[in-house]
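First up is the structure itself, then whatever we jot down about it.
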Amino acid sequence: MTATQLPRVAAPQGRARRRRRPSPSRAALPLLAPFCLLFGVFFLLPIGYAIHESLYAVRRSGLGFGTPERVFAGFDNYAKVFDDGIFLSGVGRLLLFGFVQVPVMLGLALLLALLLDGTAARCKPFFRLVYFLPYAVPGVIAAIVWAFLYTPQISPFGLDLLADDVVLGSIGNIVTWTWTGFNMLVIYSALQAVPRDIYEAAAIDGAGPLRIAWQIKIPMVRPSLALTAVFSVIGTLQLFNEPRVLSDVTANVPKDYTPLMWSLQVALDRNDYALGSAIAVVLAVLTGGLSLLFLRLSSWLTTRGAR
């Protein structure tokens, strides 16, 4: 009698191979591809082209009557940016503008955000919309409306708000009116993310609304304040719409009032695109440097305050 032969079972050869899952970075590439493409075409490529153009110049031989020739100029255009002092005076004017306007605007935005976040506030959606509504108005349209209000002949204020000694403050009023609501919404969103248990615990300990706002709410939204401050610094150095509109109304705002206005004037009126590109590149480097410096200062103050 023969024994029944059992079928052979293949011995397990190591662990079963696991299916390889795509890494999160590879899975995100198809989603990021449209953004990267548009970012490169409409942001990085123009920056590279501006840097390239700033290194060249168009020169004519024969006392300026010869055939124009495009030659490599190196850093000559960058030297011209600082020659006549127009760029430095414009930057100084903007630094003075930002030193006064940015704290006032962010202070108003913080105050409005705290009022909306208060427990006694009523009709929050309505007032949130009212505060944010000026930002929805295009900057050029807002500047035109305020220009009519500033014109002495038709101004309801009865004052010459376009005089040489107050025109910078008039521009600051337009910028503050436009951007306070946007910054308020950023700060208010940060306040909404703070757990309400913290406020309740502080109230149980006897803290009033003012103390809660000063010692709890403001420190909790410090990153949002730093973010809005950086955006404000960048916007200050790139100030263009408001003074450009007012330059058509008053002679106290010349065409080279800000560096960005001067860059446009040089490129379009003088047909010197190389120098205009150099002005734009220098302004971009200055804006990035000041923004980085402000971020470092804000981080240092936050670290020091936490100790």
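The values are calculated or read from the model by the stated rules, or taken from the named source; none is laboratory data. In this text the structure is predicted, and so the values were computed from the model without any measurement. Glycine also receives a Cβ, built like all others from the backbone with ideal geometry; neighbour counts cover every protein chain displayed.
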Inset, instruction - Could you check, for the range 47-55, whether at least one of its residues is in a helix (DSSP H, G or I) and within 18 Å of the chain's Cα centre (by Cα)? - result: yes
Inset, instruction - Scan the range 30-52 residue by residue and report those that are among the aliphatic types (A, V, I, L, M) and surrounded by 11 or more Cβ atoms within 10 Å (Cβ to Cβ). - result: LEU32, LEU44, LEU45, ILE47, ALA50, ILE51
Inset, instruction - Could you tell me which numbered condition ASP272 fails, if it satisfies all but one of (1) of a type in the set (Asp, Glu); (2) surrounded by 12 or more Cβ atoms within 10 Å (Cβ to Cβ); (3) under 25 Å from LEU168 (Cα atoms)? - result: (3)
Legend entry - Residue check, ALA27 surrounded by 10 or more Cβ atoms within 10 Å (Cβ to Cβ), out of contact with any Gly (no Cβ under 6 Å at 6 or more places or on another chain), modelled with pLDDT of 80 or more and not in a loop (DSSP other than H, G, I, E, B): no
Inset, instruction - Quick one: THR303 ticks every box in (1) under 20 Å from ASP165 (Cα atoms); (2) without any contact (Cβ under 8 Å) to a residue 24 or more places away in the chain; (3) of a type in the set (Ser, Thr, Tyr) except a single one, so which number is it? - result: (1)
Inset, instruction - Count, please, the residues in the range 125-183 that happen to be modelled with pLDDT under 90, over 24 Å from THR250 (Cα atoms) and hydroxyl-bearing (Ser, Thr, Tyr). - result: 0
